[in-house]
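One structure below.
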């Protein structure tokens, strides 16, 4: 059965679009290599719904695939995870968000967060349709998608777009890009910020360990210590910021696993235990502990 796909924005209602964008020849692309599906040049952001299977628990998770803000790794950090959640009674929504692109957007660095906020709003507004508790809607992100999830968790109440409806009730950050300062993933920083990538004000604004507050949602973090792409300090510093602000947080660090593993872990590595740890944590979150 085909998955339900929900457009994020009404026709002609998408914000932050250049007037010249309609005349471009840019089209969305999907390619697969090395077992990884990559989506690029997102024109129409969407949510793809994966209904809970079996005994639904009333929770939902919006998934933000990674890809350095250049592509979306939409299968192993998207649909595979969505099916895993659905099998456990959790309704999943894979977010296909716009990637920063000066050819299409007035302020490219705002496009991913704008889409993530809208995705969270739509899920909450349609909670009854999907038999979801509107107070049990979380966000999950991988790598740069983890940065987006952390940005949503720390910036939902900032600026002119601030909206409590867009606040996640919990966040799951998988080997996330967190900082744009020391230990940053330079590629994600450059792609998101573009010409602003050397501006200290914007570096601090998107360094999410500096944006954690007492209202940041409970957070679950997973990282491997031999991650050569996104240093483990990204997760550690976010966890410490949560600890300082009194935010409920649980962090799992593994000696090996590298980067981008999602559910594709190697047999015998302790990192393969992260799904079981997450399953236990999600039960605790539902109980409100």
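The values are calculated or read from the model by the stated rules, or taken from the named source; none is laboratory data. Worth saying up front: this structure is predicted, and the values here are computed from it rather than measured. Cβ atoms come from the backbone with ideal geometry, glycine included; neighbour counts cover every protein chain shown.
Check the stretch 135-145 and report whether any residue there is at positive phi, crowded, with 22+ Cβ neighbours inside 10 Å and not in a helix (DSSP H, G or I).
Looking through the stretch 135-145, at least one residue is at positive phi, crowded, with 22+ Cβ neighbours inside 10 Å and not in a helix (DSSP H, G or I).
On the basis of being in a helix (DSSP H, G or I), modelled with pLDDT of 95 or more and within 18 Å of the chain's Cα centre (by Cα), does residue 173 make the cut?
Criteria not met by residue 173.
Only one residue in 72, 37 is within 22 Å of residue 168 (Cβ to Cβ) and either buried (at least 21 other Cβ atoms within 10 Å of the Cβ) or touching a helix residue (DSSP H, G or I) at 6+ places or on another chain (Cβ under 8 Å) (or both). Which one?
72
Scan the stretch 233-289 residue by residue and report those that are closer than 18 Å to residue 85 by Cβ, in contact with a helix residue (DSSP H, G or I) (Cβ under 7 Å, 6 or more places away or on another chain) and buried (at least 20 other Cβ atoms within 10 Å of the Cβ).
261, 262
Would a scan of the stretch 148-159 turn up a residue that is more than 14 Å from the chain's Cα centre (by Cα) and modelled with pLDDT of 95 or more?
Looking through the stretch 148-159, at least one residue is more than 14 Å from the chain's Cα centre (by Cα) and modelled with pLDDT of 95 or more.
Answer with yes or no whether residue 274 is in contact (Cβ under 8 Å) with a residue 24 or more places away in the chain, part of a helix (DSSP H, G or I) and more than 20 Å from residue 156 (Cβ to Cβ).
For residue 274, the condition - in contact (Cβ under 8 Å) with a residue 24 or more places away in the chain, part of a helix (DSSP H, G or I) and more than 20 Å from residue 156 (Cβ to Cβ) - is met.
Would you point out the residue of the stretch 40-58, among those that are crowded, with 19+ Cβ neighbours inside 10 Å and in contact with a helix residue (DSSP H, G or I) (Cβ under 6 Å, 6 or more places away or on another chain), that is farthest from residue 121 (Cα to Cα)?
52
Name every residue in the stretch 231-246 that is at negative phi and part of a loop (DSSP other than H, G, I, E, B), in order of residue number.
231, 232 - these are the residues of the stretch 231-246 that are at negative phi and part of a loop (DSSP other than H, G, I, E, B).
When the residues of the stretch 178-200 are narrowed to those that are in a loop (DSSP other than H, G, I, E, B) and in contact (Cβ under 8 Å) with a residue 60 or more places away in the chain, which ends up surrounded by the fewest Cβ atoms within 10 Å (Cβ to Cβ)?
Taking the candidates together, the pick is 185.
Is it the case that some residue within the stretch 77-85 is assigned to a loop (DSSP other than H, G, I, E, B), at pLDDT 95 or above and within 17 Å of the chain's Cα centre (by Cα)?
No, the conditions are met nowhere in the stretch 77-85.
Can you tell me which of (1) under 22 Å from residue 202 (Cβ atoms); (2) part of a helix (DSSP H, G or I) is the one residue 67 doesn't meet?
Going through (1) under 22 Å from residue 202 (Cβ atoms); (2) part of a helix (DSSP H, G or I) one by one, residue 67 breaks only (2).
Could you grab me the full set of residues in the stretch 117-142 that are farther than 20 Å from residue 190 by Cβ and within 12 Å of the chain's Cα centre (by Cα)?
Within the stretch 117-142, 117, 119, 120, 138, 139, 140 meet the criteria.
One line per residue, one yes/no per condition, for (1) at pLDDT below 95; (2) closer than 24 Å to residue 184 by Cα:
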| residue | (1), (2) |
| --- | --- |
| 217 | no, yes |
| 244 | no, yes |
| 276 | no, no |
| 279 | no, no |
| 284 | yes, no |
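Identify the residue in the stretch 125-134 that is touching a helix residue (DSSP H, G or I) at 6+ places or on another chain (Cβ under 9 Å) and farther than 11 Å from residue 93 by Cβ and, among all such residues, is surrounded by the fewest Cβ atoms within 10 Å (Cβ to Cβ).
Among those residues, the one meeting the criterion is 125.
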